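The values are calculated or read from the model by the stated rules, or taken from the named source; none is laboratory data. All of these numbers come straight from a predicted model, not from anything done at the bench. When we count neighbours, we look across all protein chains shown, and the Cβ atoms used for this are built from the backbone with ideal geometry, even at glycine. Heads up: the accessible areas ignore ligands, DNA and RNA and are worked out on the full protein's heavy atoms, side chains in. Shrake-Rupley method; radii C 1.70, N 1.55, O 1.52, S 1.80 Å.
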Amino acid sequence: MLLILPAHPARLSSTSATSIQIGGADLKIDFTGVDPDLPRTCIIAKINRAAQAVAAYYGRFPVSSARIVIVVAAGEHGVLRGTTWGSRDGFPAVTRLIIGQHTTQQEFDTDWIVTHELVHMALASLPDSQHWLEEGIATYVEPIARLQAGQLGTERVWADMLGGMWHGEPEAFDRGLDHTHTWGRTYWGGALFCLVADIEIRRQTDNTYGLQDALRAIVAAGGTIDKDWPLARVLSVGDKATGTSVLQDLYSKWSETPVRVDLPLLWKQLGVYEKGGHIVFDASAPLSRIRLGITAPRQPDVGRRP
């Protein structure tokens, strides 16, 4: 089936609307297309859970209000894809989610796309050459946010990292993240940048701060999707929050040059590996405390200053 949809969500006619309040934000949920098999309350509950995970990670929902357009595609299964824009339809952020008419509750329970799209609201719109950071942050943060909200297990988070991060390694033709816009480098290359940054921030601050502190500070400074910020400003705000220059230093190396990460060594240092189809953690590994810090639920930001 070829599903043709307009590029701009404002052209979609809404058949009903519901509002929910999450993390200080008002989210308007619109439905369009055919009627889904599941009650709409189940779909709204899924969006609610995703928004709660994002709010938990960032300390609040990133924008004050947002519109979420649910397009129900006839005859299809699952959450098919999503797109998020800034400053549309009178909202700071708009997300369009295309879901199948026959999507089951299990498919909603295992979906990652909804949370991924809502994470996009937490970063300023960047130039096209830095789209990899927008997608990389959403790819990296999504499972951690769901874990911190009690929606995903620790083993699943690290299993996905072990299974996905290698896609982000540069290939022979690579010219750095700003100039190599393949699927692997855009999504997983950006996520690998985030992982390495998270670890290095924690190394330099004795595990007191991490990437989550940097990303929370960017949101607090107004660097959300409805703003157009140069990347230098994003990185500067993030580094100031951790008292390091990790983000700026890492970007200066990775943006123009292909940088490989010794992933087998990194997993060994973090104390995470796969054995017999299961994820096993090594508490004696040199970076095991950092591994625990990356996924640990965050305490309030009161008094957290570098």
Exercise. Heavy atoms only, probe 1.4 angstrom, no DNA, RNA or ligands counted: give me L38, L192 ranked by accessible area, highest first.
Key: L38, L192
Quiz item: By how many degrees, between 0 and 90 and to the nearest 10, does the Cα long axis of helix 211-220 differ from the longest principal axis of the chain?
Solution: 50 degrees
Quiz item: How many nm separate the modelled label positions at E107 and A17, each set 7 Å beyond the Cα in the direction of the Cβ?
Solution: 2.8 nm
Quiz item: Which residue, H77, H278, H167, tops the fluctuation ranking in a GNM of the chain built on C-alpha contacts under 10 Å?
Solution: H278
Practice problem: May I ask you to give the percent of accessible area on the chain that is carbon plus sulfur, with a probe radius of 1.4 Å? | Solution: 53 percent
Practice problem: Assign one of three labels to region 144-295, namely rounded, prolate or oblate, based on the Cα gyration tensor with a ≥ b ≥ c the square roots of its eigenvalues; rounded applies when a/c is under 1.5, prolate when it is not and a/b is larger than b/c, and oblate otherwise. | Solution: oblate
Quiz item: Rounded to the nearest 0.05, what FRET efficiency do Q151 and K227 have when you use their Cβ-Cβ distance and R0 = 45 Å?
Solution: 0.95
Practice problem: Tell me the label-point distance for the pair S245, H179, using the 7 Å Cα-to-Cβ offset, in nm and rounded to one decimal. | Solution: 2.4 nm
Quiz item: What ranking do 117-125, 282-290 get when scored by the average of other Cβ atoms within 10 Å per residue, highest first?
Solution: 117-125, 282-290
Quiz item: Taking the Cα centre of each part, how many Å lie between region 57-74 and region 166-234?
Solution: 22 Å
Self-check item: Crossing angle, helix 131-148 versus the chain [Cα axis fit, 0-90 degrees, rounded to tens]
Solution: 90 degrees
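Leaving out ligands and nucleic acids, and using a 1.4 Å probe, what accessible area per residue does the chain come to in Å²?
44 Å²
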Quiz item: In nm, to one decimal, how far is the modelled label at L265 from the one at L292, with both set 7 Å along Cα→Cβ?
Solution: 2.6 nm
Quiz item: Taking K240 as the anchor, which aspartates and glutamates have their alpha carbon closer than 20 Å to its alpha carbon, excluding any fewer than eight residues away along the same chain?
Solution: E134, D198, E200, D206, D213, D228, D249, D301
Quiz item: By how many degrees, 0 to 90 and rounded to 10, does the Cα axis of helix 40-58 deviate from the longest principal axis of the chain?
Solution: 30 degrees
Quiz item: If you take the C-alpha gyration tensor of the chain, multiply each eigenvalue by 5 and take the square root, what semi-axes do you get, largest first, in whole Å?
Solution: 31, 21, 20
